[in-house]
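These notes are about the structure you will find just below.
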Amino acid sequence: MSETDQAMALQSEQARYEANPRASAVHFCLSAAVALLEVSQALLTESADPTPQERERQWKALVAYIKTAGRSAYRAASILTDRQGA
């Protein structure tokens, strides 16, 4: 994606958040919650004796879910913080 396309996508996304910040914040909070549930489920169901390849795959998946949760929670907080200042 070119810089211009990225800037346009960011502006479009920001306009959507500004149009309905509460719904956007709820969406990102729920996204964070789902990602953390995925982490919990993966930790509860992991095999007792995984191969090194399985263990690496599991940890990569956990890290991806945790990053998603953190980013989603951060975006919700940012939206709500922007709204509070308005």
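The values are calculated or read from the model by the stated rules, or taken from the named source; none is laboratory data. Just so it is clear, the structure is predicted and the values come from calculations on it, not from any experiment. Please note: Cβ atoms are built from the backbone with ideal geometry, for glycine as well, and neighbour counts cover all protein chains shown.
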Requested in this report: Within the stretch 32-65, track down each residue that is surrounded by 14 or more Cβ atoms within 10 Å (Cβ to Cβ) and touching a Leu at 6+ places or on another chain (Cβ under 8 Å).
Outcome: 39, 42, 62, 65
Report task. Could you run through the stretch 1-41 and say how many residues are modelled with pLDDT of 90 or more and of a type in the set (A, V, I, L, M)? Result -> 11
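Does residue 3 satisfy the criteria of being exposed (fewer than 12 other Cβ atoms within 10 Å of the Cβ) and either charged (D, E, K, R) or on the phi > 0 side of the Ramachandran plot (or both)?
Working: exposed (fewer than 12 other Cβ atoms within 10 Å of the Cβ): yes; either charged (D, E, K, R) or on the phi > 0 side of the Ramachandran plot (or both): yes.
When the stated conditions are applied, residue 3 passes them.
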Query raised in the report: Residues in the stretch 33-54: is at least one touching a helix residue (DSSP H, G or I) at 6+ places or on another chain (Cβ under 8 Å) and acidic (Asp, Glu)?
Result: yes
Requested in this report: Would you be able to say whether some residue in the stretch 18-25 is surrounded by 12 or more Cβ atoms within 10 Å (Cβ to Cβ) and more than 25 Å from residue 82 (Cβ to Cβ)?
Outcome: no
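Which of the residues spanning the stretch 51-69 are within 13 Å of the chain's Cα centre (by Cα) and not β-branched (Val, Ile, Thr)? Please lay out each step first, then the result.
First, pick out the residues of the stretch 51-69 that are within 13 Å of the chain's Cα centre (by Cα): 62-69.
Residues satisfying the conditions are 62, 64, 65, 67, 69.
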